[in-house]
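The values are calculated or read from the model by the stated rules, or taken from the named source; none is laboratory data. As the structure is a prediction and not an experimental result, all values here were calculated from the model. Don't worry about glycine lacking a Cβ; one is built from the backbone with ideal geometry, like all the others, and counts go over all protein chains shown.
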Amino acid sequence: MGKTFGTAPKGVNVGKQRILYIPHDHLNRAFGVLKDADPELDTVVFVESQRMVTGRQWHKERLFFLLSSARHFARELQEAGFTTHYIQAPTTLDGLAQARNLVGDLPIHCAEPSSHRQFAQLKEAGLVFHQNDFFLTPRPLFMQWAEKQKSYVMENFYRAQRVRLNILMQGADPVGGRWNFDADNRLPPPKNYTWPAYLDHERDAIDQKVAEQLGFQPTNTWATTREGALRQLEFFVSTHLSGFGPYEDAITKENWALHHSLLSPYLNNGLLHAEEVVAAAVSAFETQGAPIGSVEAFVRQIIGWREYINGMYWFLGEDYRKENQLGATRKLLPLFRDSSKTKMNCVKSVVQDVEQRSWTHHIPRLMVLSNLALTTGVNPQEFLDWMREQFIDATDWVMVP
Ligand SMILES: Cc1cc2nc3c(=O)[nH]c(=O)nc-3n(C[C@H](O)[C@H](O)[C@H](O)COP(=O)(O)OP(=O)(O)OC[C@H]3O[C@@H](n4cnc5c(N)ncnc54)[C@H](O)[C@@H]3O)c2cc1C
């Protein structure tokens, strides 16, 4: 049986017309189904399903981040006057059934979910969907672009995004005279360089409760509130953005994050929106002298890669996840789950980073972990499942394409 907390006093559901279901990756008052929500007419429901917590070998740092962020957000909505139910139930559908028992047989509204699987499940349950606006590119718009392409080149999509969204443009031309400054970037890690520190995020009572539930002591790496996520954004822009471009493709054992932003968890669970992240970077270029080579490189990751990958996930369809063109059948190598199982220093230190913080940056993911899985013939679905369980920002829409 499920447990409900954060429940408002008896009687507050009177006069309500809709139940708004907020998945754990739609945590934003200004987007999704909450955008036009009315505390007088809407009751907000979160479901923490047992399957989500215990269904796989989840990294506890990841679970901690997702659960604590959702619980903080539920409390914020309550403080803003919403009747909010945070329901713990065996499955999402059980939780939604419990919500109807609590609130009444009202229509359940939700922004379009982020995965094929959840979308199909909630469609079958009869939910009413609102357009998913957690990205800058509506899904139908990406389909229109993709259907016109002979080959799906990200750089072409990115340039079209720059024009469509009018980002770093001077009339019809790119600011700085070039679309892409990669030729100036991609430097090796510098020698005798002092890497700036990263932010620590202090833990509060909600964090501690979630940590106790999970029997786990989280690091202070990840914020679990919008306020903390905004602090991370400001810190990145003021401290790391200028160095982002030159060292974006470097790996060094001296620093685990280099000048990467550490923003993917918040972009993916909704605490931050791509629009404000890009605006902050562009503003640093326009008003604080941040170099175009770094700002363009960072903007490209968000309006280019992030949007393109999400678009391709929906374009390629549900069955793409099952592809295995090379017929790779090897089981996941033990070293992915236990860094002590390898003597390869580079692999060991990357897996240790993942064990410690549930994160490593793009190049170790691509060049070390993915390459190792590819060259040793690890079954792609096994590798995909491992990444989904272990990474703080993991979601099918990024990893499957
Ligand atoms: C095998 C593999 C698996 C990955 N799995 C995920 C995942 O599950 N979730 C995820 O968010 N990213 C994933 N990425 C993309 C990328 O590695 C992470 O987004 C990035 O490392 C997150 O750290 P950051 O926020 O410091 O990124 P930064 O380097 O600071 O980049 C800024 C932002 O750009 C976006 N971004 C950068 N590269 C990509 C990319 N290739 N695709 C999509 N968005 C990108 C992210 O939102 C990121 O926060 C994966 C990459 C590889 C090679």
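Does Gly6 satisfy the condition of being modelled with pLDDT under 95 and at positive phi? The answer is yes for Gly6.
Considering only residues of region 385-401 that are farther than 18 Å from Phe65 by Cα and near the ligand (Cβ under 9 Å from one of its atoms), which is surrounded by the fewest Cβ atoms within 10 Å (Cβ to Cβ)? Ranking the candidates gives Pro401 first.
Wholly within region 213-329, which helices (runs of 4 or more DSSP H) include no fewer than the required count, namely at least 2 residues that are within 11 Å of the ligand (Cβ to nearest atom) and within 28 Å of Leu63 (Cβ to Cβ)?
Ranges flagged: 226-235, 264-269, 274-288, 307-316.
The single condition among (1) more than 28 Å from Leu258 (Cβ to Cβ); (2) not in a helix (DSSP H, G or I) that Asp393 does not meet is (1). When region 109-128 is filtered for residues that are in contact with a strand residue (DSSP E or B) (Cβ under 6 Å, 6 or more places away or on another chain) and within 17 Å of Arg29 (Cα to Cα), the ones remaining, listed by number, are His109, Cys110, Ala111, Glu112. Screening the candidates Leu326, Leu384 for the property of being out of contact with any helix residue (DSSP H, G or I) (no Cβ under 7 Å at 6 or more places or on another chain) and of a type in the set (A, V, I, L, M) yields one hit, Leu326. Glu276 falls short on exactly one of the conditions (1) under 27 Å from Ser114 (Cβ atoms); (2) surrounded by 20 or more Cβ atoms within 10 Å (Cβ to Cβ); (3) not β-branched (Val, Ile, Thr), and that condition is (2). Restricting the first member to region 88-103 and to residues that are assigned to a helix (DSSP H, G or I), and the second to residues that are surrounded by fewer than 16 Cβ atoms within 10 Å (Cβ to Cβ) and not basic (Lys, Arg), the beta-carbon pairs closer than 6 Å and six or more apart or on different chains are Leu93/Ala125. Would you say Lys348 is among the basic types (Lys, Arg), within 28 Å of His201 (Cβ to Cβ), away from the ligand (no atom under 16 Å from the Cβ) and more than 22 Å from the chain's Cα centre (by Cα)? Taking the combined requirement at face value, the residue satisfies it.
Every residue in region 362-384 that is of a type outside the set (A, V, I, L, M), more than 7 Å from the ligand (Cβ to nearest atom) and closer than 22 Å to Leu267 by Cα, please.
Pro364 - this is the single residue of region 362-384 that is of a type outside the set (A, V, I, L, M), more than 7 Å from the ligand (Cβ to nearest atom) and closer than 22 Å to Leu267 by Cα.
Tell me which residues, restricted to region 145-181, are part of a helix (DSSP H, G or I) and exposed (fewer than 11 other Cβ atoms within 10 Å of the Cβ). Glu147, Gly177, listed by residue number.
Residues are listed down the side, and each one gets a yes or a no for (1) closer than 25 Å to Ile302 by Cβ; (2) crowded, with 17+ Cβ neighbours inside 10 Å; (3) aliphatic (A, V, I, L, M):
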residue: Asn185; (1), (2), (3): yes, yes, no
residue: Asn192; (1), (2), (3): no, no, no
residue: Trp195; (1), (2), (3): yes, yes, no
residue: Thr224; (1), (2), (3): yes, yes, no
residue: Gly228; (1), (2), (3): yes, yes, no
residue: Leu241; (1), (2), (3): yes, yes, yes
residue: Tyr247; (1), (2), (3): yes, yes, no
residue: Leu263; (1), (2), (3): yes, yes, yes
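Got at least one residue in region 161-180 being farther than 25 Å from Ala274 by Cα and out of contact with any Ser or Thr (no Cβ under 7 Å at 6 or more places or on another chain)?
No, region 161-180 has no match at all.
Of all the numbered requirements in (1) within 12 Å of the ligand (Cβ to nearest atom); (2) surrounded by fewer than 15 Cβ atoms within 10 Å (Cβ to Cβ), Trp359 misses one, and that requirement is (2).
The residue of region 79-119 that is farthest from the chain's Cα centre (by Cα), among those that are surrounded by 17 or more Cβ atoms within 10 Å (Cβ to Cβ) and among the β-branched types (Val, Ile, Thr), is Val103.
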